[in-house]
Amino acid sequence: MRRFYLPALLLLLLGLAQGQTGTTYITPELQRLIQAGGQNYASVLLRQDPAQALCSTHRNRLPAEVLGPFIEEQRKNIKYPADGKLMGDWKQGEAIFNTLARGNCFSCHVGSPLNIGGNVGPSLEKYGQRGTSEAVQRYTYEVIYNTWAYFPCTVMYRFGVGGLLKPEEIAHVVAYLLDPNSDFNTKPALKR
Amino acid sequence: MGRFWRLAGVILLALVGLLALAQEEVDPFEEAQKQKQQLLELSGGILPTDLIAAQGEELFKAKRGPKNASLEACDFGRGPGRLEGVVGRLPRYFFDTRKVEDLDSRIRSCMINLQGLRPDQIRRNEVVAIAFYIASLSNGQPMTVRPLMPQEKRLYELGEKLFYLRAGPRDMGCASCHVTYVGRRAGVLPYSDILGDKRVASHWPAFRYSNDQAWTMADRIRACYSNLSMPAPDFYSEPIIALTLFMNAKAYGGKMDLPGFIR
């Protein structure tokens, strides 16, 4: 008999925790609809995180009173490489930037000498001209790790938060963008 | 059947020629129109969509399944057997199945209920061909989807919520591309303006000439999810119907261009 209490209690606590943050978007009705789409579909959609819920609720435009705490929360979940180096190996970064199933950066950004870039995001052509100061490295790393810490609810994926790239891999991409010897900065960008 | 394959051959050749001629840029609607025109000239007046619709017509009229019945008695919303203009009226609520159904799921329901087929016997390519046939009879008609029944209103609202929902490792959501970044490109095609341009929802089902695919709206929605490495909702499932209802209602008053012919 007692065995049943624990899961029930956990569920209750989970419900309370969600109620507290007030950031659920998925109502019971919407949940049933999503479940009708099949197990695989539901397993991903129903695992919506609170930040995704906020962006959904406000249709990607956060009101002023939500914006501050949102950015603060997003900043908090940025993690850095164990060795503290924000610039890794540009060659490895090149592969990530130019591969659809990994960074897919070229699909949205102009700048790569290997792929014609898209224009969903701003052009990153000759991004290395910004220099390699600690501030530039940190900004670049953090934008890639958690884009929403700088551009709340934007379309670019939060590569670190979503588990798409490990901190070391993000550092490789940072090097690809910033290293003066990187092909990204020495060769002309492909454009349509 | 011999005639069919000869035509298919002609069209295939024309398509190959077409791709060689294909150019970059310009408005995607204009570009598709131009390609369609060229293809018509090269093939002597036959489009791939005509062949698919012809196949669909054959399937629609053939007596099949355990009940040895055709689909001619299927009611798509204007009464049994009345097919003209029905695509612009779907999805809608049906009293016999007690469900809101879109074109695909309505075809499937009739295959189950009229022909006695089991769900696992229903082949996707047959449903698509039948959808193309029915679509060919709705060309030029207006989009008149308007959620009025409580079941339709409910599903419309859920479809709208789903359209704005973001989830998954890539924070995917329909609106983040098709509202915020309309016209921008991540790849060859610009993101279409689903909520602002009535032509977008009004050309499904459609033939995609760049990769020789016949798609209904369900295929389009599923590919949008897959492109962002999300699992797609099952065919004929409610999330697909809800999204389609939402998008079609937004295109109210649009003129159906069917079957669509797109890149």
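The values are calculated or read from the model by the stated rules, or taken from the named source; none is laboratory data. Note that this is a predicted model, so its numbers are computed, not measured. All Cβ positions, glycine included, derive from the backbone under ideal geometry; neighbour counts span all protein chains shown. For accessibility, only protein heavy atoms count, side chains too; no ligands or nucleic acids. Shrake-Rupley method; radii C 1.70, N 1.55, O 1.52, S 1.80 Å.
The table below lists the values:
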read-out: Computed [θ] at 222 nm, deg cm²/dmol, chain B (DSSP H ≥ 4; -39,500 (n - 2.57); rounded to nearest 500); value: -14500 deg cm²/dmol
read-out: For the stretch B:188-253: relative contact order, % (alpha-carbon pairs under 8 angstrom, 6 or more apart); value: 36
read-out: Given charges at Cβ of Lys, Arg, Asp, Glu: the protein assembly as shown dipole, positive-most of A:I78, B:I46, A:T27; value: A:T27
read-out: List of the stretch A:150-192 residues, accessible area with partners at least 10 Å² below that of the chain alone (1.4 Å probe); value: A:T154, A:V155, A:Y157, A:R158, A:G162, A:L164, A:R192
read-out: Extended-chain gain in nm, criterion 0.36 nm per residue less alpha-carbon gap, A:R61 and A:R130; value: 21.9 nm
read-out: Cys with no candidate disulfide partner in chain A (beta-carbon separation under 4.7 Å rule); value: A:C105, A:C108
read-out: Fraction of alpha-carbon pairs over 22 Å apart in the stretch B:58-163 - percent; value: 32
read-out: Magnitude of the charge dipole, chain B, Cβ model with Lys/Arg +1 and Asp/Glu -1, debye to 20; value: 580
read-out: The stretch B:22-82 - convex hull of alpha carbons, volume per residue in Å³; value: 137
read-out: Dimensionless Rg ratio for the stretch B:95-240, taking C-alpha atoms and the 2.2 N^0.38 Å reference; value: 1.10
read-out: Normalised per residue, the volume of the convex hull around the Cα set of chain A (Å³); value: 164
read-out: Alpha carbon centroid spacing (whole Å) that separates the stretch B:134-210 from the stretch B:55-110; value: 23
read-out: Cubic angstrom per residue, convex hull over Cα atoms of the stretch A:26-121; value: 178
read-out: Chain B: Cys lacking any partner C-beta under 4.7 angstrom; value: B:C174, B:C177, B:C224
read-out: Whole-Å semi-axes of the ellipsoid equivalent to the stretch A:90-186 (Cα gyration tensor, √5λ, descending); value: 18, 15, 13
read-out: Nearby lysines by direct alpha-carbon distance to B:K63 (threshold 16 angstrom, same-chain neighbours under 8 apart not counted); value: none
read-out: Solution diffusion estimate, µm²/s, Stokes-Einstein, the stretch B:217-263, Kirkwood Rh from C-alpha pairs, 25 °C, viscosity 0.890 mPa s; value: 206
read-out: Test item: Cα-centred dipole of chain A, Lys/Arg +1 and Asp/Glu -1 on Cβ, debye; value: 380
read-out: Apportionment of accessible area to carbon and sulfur, the stretch A:90-186, percent (1.4 Å); value: 57
read-out: Cα centroid separation, the stretch A:31-67 to the stretch A:72-125 (Å); value: 25
read-out: Unit charges on C-beta of K, R, D, E only; dipole of the protein assembly as shown, Debye; value: 880
read-out: Estimated [θ] at 222 nm from DSSP helical runs (n ≥ 4, -39500 (n - 2.57)) normalised by residues in chain A, nearest 500; value: -14000 deg cm²/dmol
read-out: P(r) of the protein assembly as shown over all Cα-Cα pairs, binned every 10 Å from zero, in whole percent; value: 4, 18, 25, 23, 17, 9, 3, 0
read-out: Average accessible area per residue (Å²) across the protein assembly as shown - probe 1.4 Å, nucleic acids and ligands excluded; value: 49
read-out: Relative contact order for chain A, counting Cα pairs under 8 Å that sit 6 or more residues apart, in percent; value: 24
read-out: Solvent-accessible area, 1.4 Å probe, carbon plus sulfur percent, for chain B; value: 52
read-out: Residue among A:G93, A:A149, A:F184 farthest towards the positive dipole end of the stretch A:90-186, charges placed on Cβ; value: A:A149
read-out: In the A-B interface, the accessible area buried, summed over both sides, Å² (probe 1.4 Å); value: 3300
read-out: Bins of 10 Å from zero: percent of alpha-carbon pairs in chain B; value: 7, 29, 36, 22, 6, 0
